[in-house]
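Participant: After the structure tokens below, expect a handful of questions from me.
The values are calculated or read from the model by the stated rules, or taken from the named source; none is laboratory data. Computed from a predicted structure; not experimentally measured. So basically every Cβ, Gly included, is an ideal-geometry build from the backbone, and we count neighbours across all protein chains shown. The area values use the complete protein model at the heavy-atom level, side chains included, leaving out ligands, DNA and RNA. Shrake-Rupley method; radii C 1.70, N 1.55, O 1.52, S 1.80 Å.
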Amino acid sequence: MSFPWADQWPEITDEAVRTAFAEVPRERFVPAQFQDEAHKDRALPIGENQTISQPLVVAVMTQASALRPDDRILEIGTGSGYQTAILCAVTAQGEQRPGANIYSMERLPSLSGTARQALHASGYAPHLLLGDGAAGYPPAAPYNAIVVTAAPPCLPRALWEQLAEGGCMVIPIGPRDERQTLWLLTKARGRMAARSLGLVRFVPLLSPLLYDPARCMEIEA
Ligand code: SAH
């Protein structure tokens, strides 16, 4: 299985994750003016002041989520749709258009629309939702995995509540325009276990909901 960054990622050992990166054409998710940089291992602008994440960060988050084929997954921050495509590929079970188990929420309609085209052109059919991801998406909860690709200032309580027993969440938390801590949170018997995966830099998760302290939770590290 080969992809542009295959040799530079010794830490990505999960074969399902490596196979997904070989399958998903990143150039489809990168705007026309950055095509010649689509295969560089770096974040790129996608318009609306947002970015497509660095491939290694997508890989680290996906591997940490320890996904299984039948998992129901919620992604917050569809953006370009690239992370969404990787989630579809990792959990595909030989169906024609993988994605029936993937829910991805975005607040900006224009980005969601562009992502929808790129995902469909690549053969994936996840559920793309519009709205404020800080509220999660109750209709399809609980989720075996929640992957958050924009950084809130605190852990949104709704996301923790929509995580299934035994499930895990990967989420960058911290102040905007600074580096944030990437957390791996797992839920066992209702309790939180938290492990830091290091420092990252994500665009902010913008949500008026999180001005309300009652909608935030502490990380129990
Ligand atoms: N996973 C994406 C990363 C996109 S950047 C990719 O691989 O391309 C983060 C995205 O989160 C942006 O598109 C931004 O608009 C979105 N976002 C920010 N706040 C949000 C919120 N409250 N709810 C849903 N999406 C949000």
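Participant: What does the C-alpha gyration tensor say about the overall shape of the stretch 122-207? Classify as rounded when a/c is under 1.5, otherwise prolate if a/b is larger than b/c, or oblate.
Facilitator: Oblate, because a/c is 1.5 or more while a/b does not exceed b/c.
Participant: Follow-up. Starting from 0 in steps of 5 Å, tell me what percent of the Cα-Cα pairs of the chain lands in each bin.
Facilitator: For the chain, the pair-distance distribution reads 1, 7, 16, 21, 22, 18, 10, 4, 1, 0.
Participant: Compare the Cα positions of Pro45, Gly198, Gly167 along the charge dipole of the chain (+1 at Cβ of Lys, Arg; -1 at Cβ of Asp, Glu; about the Cα centre) and return the one farthest towards the positive end.
Facilitator: Gly167
Participant: Based on the alpha-carbon gyration tensor of the stretch 48-161 and its eigenvalue square roots a ≥ b ≥ c, which shape applies: rounded if a/c is under 1.5, prolate if not and a/b is larger than b/c, or oblate?
Facilitator: Verdict is rounded for the stretch 48-161.
Participant: At a Förster radius of 22 Å, what calculated FRET efficiency corresponds to the Cβ-Cβ distance of Ile219 and Gln93, to the nearest 0.05?
Facilitator: 0.10
Participant: Which whole-number percent gives the relative contact order of the stretch 152-221, counting Cα pairs below 8 Å spaced six or more residues apart?
Facilitator: Taking the mean separation of contacting Cα pairs over the length of the stretch 152-221, I get 35 percent.
Participant: Might you tell me the accessible area per residue for the chain, computed with a 1.4 Å probe and given in Å²?
Facilitator: Heavy-atom accessible area per residue stands at 46 Å².
Participant: Here's something else I'd like to know. Quick one: pull the percent of accessible area on the stretch 36-81 belonging to carbon and sulfur, 1.4 Å probe, ligands and nucleic acids left out.
Facilitator: That share works out to 44 percent.
Participant: Given a Förster distance of 30 angstrom, what is the FRET efficiency for Ala140 paired with Gln8, based on the Cβ-Cβ distance and rounded to 0.05?
Facilitator: With R0 = 30 Å, the Cβ-Cβ based efficiency is 0.25.
Participant: Relative contact order, percent, of the chain when contacts are C-alpha pairs under 8 Å separated by at least 6 residues?
Facilitator: 15
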